[in-house]
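Engineer: Got a structure for you, questions after.
Please treat every number below as a calculation from the coordinates, not as lab data. What you see is a predicted model; the values in this text were computed from it and never measured. Positions of Cβ are backbone-derived with ideal geometry, glycine not excepted, and every protein chain shown enters the neighbour counts.
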Amino acid sequence: KIAVARFTRTMGTLLASGVPILDALEIVSKAAGNMVIEKALMTVRSQIAEGRNIVEPLAQTKIFPHMVVQMVGVGEQTGALDTMLNKIADFYEDEVDVAVEGMTAMIEPLMMVVLGGSIGTVMIAMYMPIFSMAGKTENLK
């Protein structure tokens with residue numbers, strides 16, 4: 001989801017800035033940070049250079065979710081591809097934020113238990129010799 005959000009945000013920004021789609025695809029493929037997406041985008045780029053629209057090659061890669069392909073298709077047909085790409089990026093960035101918040105909410109209690117256990121172990125390790133010595137002094141009386 002992060003890779004899809006990165007791809008759509010970068011592509012939308014480049015297209016909104018007036019960069020031609022073939023150049024934008026080349027730039028985005030290098031900035032994707034994911035080898036699978038990079039190869040898929042270069043394949044899409046070569047097919048667009050042959051005269052195909054963007055939706056068919058995107059769908060053929062089977063990497064991008066169906067919703068992304070459909071929204072890109074709508075954006076291409078309406079001439080608002082950059083707007084659609086930015087909306088897709090917003091959606092996926094929100095999904096990633098929700099997933100990260102959920103993971104954080106699950107990890108926080110676990111970290112508290114681990115930290116409490118560590119502190120308890122250190123405290124026991126410190127007080128055991130003291131209790132042991134106290135028991136030995138009572139035996140001397």
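Table: residues versus (1) within 20 Å of K1 (Cβ to Cβ); (2) of a type outside the set (D, E); (3) without any contact (Cβ under 8 Å) to a residue 60 or more places away in the chain.
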residue	(1), (2), (3)
G18	no, yes, yes
I27	no, yes, yes
M35	yes, yes, yes
K39	yes, yes, yes
R45	no, yes, yes
E50	no, no, yes
E56	no, no, yes
Q60	no, yes, yes
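Engineer: Just to be sure, is G79 surrounded by 15 or more Cβ atoms within 10 Å (Cβ to Cβ), within 17 Å of M11 (Cα to Cα) and over 18 Å from the mean Cα position of the chain (by Cα)?
Structural biologist: no
Engineer: Scan segment 92-107 for residues that are touching a residue at least 60 places away in the same chain (Cβ under 8 Å) and not acidic (D, E) and jot them down.
Structural biologist: Y92, V96, A99
Engineer: If you don't mind, there's one more thing I want to ask. For segment 27-41, how many residues meet the condition of being within 14 Å of A59 (Cα to Cα) and touching a Leu at 6+ places or on another chain (Cβ under 9 Å)?
Structural biologist: Of the residues in segment 27-41, 2 are within 14 Å of A59 (Cα to Cα) and touching a Leu at 6+ places or on another chain (Cβ under 9 Å).
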